[in-house]
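In what follows, a structure is listed as structure tokens, so that the remarks can point back to it.
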Amino acid sequence: MTLEKKHIDEDKAIQHILEGISFGDRVYDLWSEFEKQDTQEAKFVHALDKIEGYLQLDERGTDTYIHDVFHADYATEAVQKFDEATQSFPVLGPLLDLVKQELKEKFEKRGVDWVEA
């Protein structure tokens, strides 16, 4: 699936979900803002969304992870990709570090290598 097709499908899906909801236009506008990444708020939420992947893994437990190696740079790269957002929201760095440290310790206990670029 191409990225363009993915965006078209997502747009159709969100419009269908919001159909008939009194505040659907407002939700759609916020979703569009997030997708376009034109505002600081959208960039902040996107960065948090990337960190959230680590939080889910931490919450579910590392025993659900079946690989021998965990590449820990996923959220770091995603957050750093938005230079403006990380400069405007420096709290993201320590938050990401804290989550990563906790996961690293859990993975090490399971014998899974932790790899950062």
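Odds and ends about this structure:
- Packing, taken as the mean count of other beta carbons within 10 Å per residue, orders the peptides 39-49, 54-64 from highest to lowest as 39-49, 54-64.
- Cross-link pairs beyond the 22 Å C-alpha cut-off, checked among 12/36; 6/43; 50/106; 50/100; 43/104: 43/104
- Neighbour cut-off at most 15 other Cβ (10 Å), DSSP loop, chymotrypsin sites (Phe, Trp or Tyr not before Pro), the range 1-37: 23
Every read-out reported here was derived from the displayed coordinates using simple, explicitly stated rules and does not represent laboratory data. Here the structure is a predicted model, which is why all the values come from computation and not from measurement. FYI the Cβ positions are ideal-geometry reconstructions off the backbone, even for glycines, and counts take in every protein chain you see.
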